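Asks: Would you mind keeping the following structure in view while I ask a few things?
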Amino acid sequence: MFKYDIANIEKLLESFYKLTRIRLVMFDANFNKVAEYPSRDCEFCTLIKSDASAAAKCRESDRYTLSECSKSGKLYFHECHTGLAEIATPIHYGNIIIGYLMFGQVQRHKDKEKHWQEVKARCQDYDIDNSALKNAYLMRRYLNSEQILAASQILEACAGYLWLKRYVSLRENTLVQSIDDYLNSHLDSDLSVTALCEHFHIGRSKLYSIIKEVYGKGIEQLTRELRVTKAKELLLSTDMAVSNVAAAVGFGDYNYFIKVFKKEVGTTPARFKKAK
């Protein structure tokens, strides 16, 4: 479904590292590692992963971070099981997440000695030399909140650059690409399962499978979220009446639109528009 230009991806990751001195890893849409730079873990992580149970928790932590990033569709911050920070951002094609960039093991506590006590307590059950682990921990570079934010913004820029330069892309003429394009350009049309199956000449089970695999949610939830997102855009960028916005994004029932919008956004369309 996706194509990866590994050589150019690795060059971008290398540039990120040279600028920030932070190791960066790219994952595909299914959380499988695609590329990384540098090509090996830092000494702290290497020691942690020398213990089988700790290594399993590292994998679990990575998957949790990527999973939450997938759900939000935005930059996601998480503290791993050792007490260090990791940040992930999605790579988008339209509404499809086609991969992720993540950096981690960031030491964000200025008082390293004090925080080491917390890290040591978290790692006390692992079969790891405590002295070596402490030395590796103290070697971790401290980043304050502003530096982490700056690195995160560069991370998001890298994600956009990957798609812009087509270092990550959908294979041409895929059904997934056609479905995504159709959904985004026909929000005012019938997007029921029956209508989509008829339009793309596929069975319900195949449609369900594609939507679940690519978007991680059901078709009804997906179309509802797409319509509300478009409605927010129209409310903010045009002078359209709320009733016209509802119709433009496929809500024939005005009252139902108000209900759905308030549930998704937390306020009514009128109040959302007024607050712009």
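The values are calculated or read from the model by the stated rules, or taken from the named source; none is laboratory data. These figures come from a predicted structure and were not determined experimentally. So basically every Cβ, Gly included, is an ideal-geometry build from the backbone, and we count neighbours across all protein chains shown. The protein model used for the area step is the full one, side chains on, heavy atoms only, and it has no ligands, DNA or RNA in it. Shrake-Rupley method; radii C 1.70, N 1.55, O 1.52, S 1.80 Å.
Asks: Does Ala246 count as at pLDDT 85 or above, among the aliphatic types (A, V, I, L, M) and surrounded by 15 or more Cβ atoms within 10 Å (Cβ to Cβ)?
Replies: In short, yes.
Asks: Restricting attention to region 6-43, report how many residues are polar (S, T, N, Q), farther than 24 Å from Lys71 by Cα and not in a helix (DSSP H, G or I).
Replies: 1
Asks: Need pairs with beta-carbon distance below 7 Å; first residue under 12 Å from Ile9 (Cβ atoms) and within region 147-169, second open to solvent by 60 Å² or more (accessible area, probe 1.4 Å); sequence gap 6+ or separate chains.
Replies: Trp163/His92; Val168/Tyr4; Ser169/Lys3
Asks: Please work out which residue is nearest to Phe31 (Cα to Cα), limiting yourself to region 46-77 and to residues that are of a type in the set (Phe, Trp, Tyr) and out of contact with any helix residue (DSSP H, G or I) (no Cβ under 7 Å at 6 or more places or on another chain).
Replies: Tyr64
Asks: Among residues belonging to region 44-78 that are touching a residue at least 24 places away in the same chain (Cβ under 8 Å) and part of a loop (DSSP other than H, G, I, E, B), point out the one that is nearest to Leu155 (Cα to Cα).
Replies: Taking the candidates together, the pick is Leu75.
Asks: Just wondering, is there one or more residues in region 225-240 that are in contact (Cβ under 8 Å) with a residue 12 or more places away in the chain, open to solvent by 30 Å² or more (accessible area, probe 1.4 Å) and among the small types (Gly, Ala, Ser)?
Replies: no
Asks: Take residues that are among the aliphatic types (A, V, I, L, M), at pLDDT below 85 and farther than 19 Å from Phe103 by Cα and tell me which of the helices (runs of 4 or more DSSP H) falling wholly in region 129-204 contain 1 or more.
Replies: Once the helices (runs of 4 or more DSSP H) in region 129-204 are filtered for at least 1 residues that are among the aliphatic types (A, V, I, L, M), at pLDDT below 85 and farther than 19 Å from Phe103 by Cα, what remains is 145-164, 175-185.
Asks: Looking only at region 56-96, which residues are crowded, with 17+ Cβ neighbours inside 10 Å, touching a strand residue (DSSP E or B) at 6+ places or on another chain (Cβ under 9 Å) and of a type in the set (D, E, K, R)?
Replies: Asp62, Glu86
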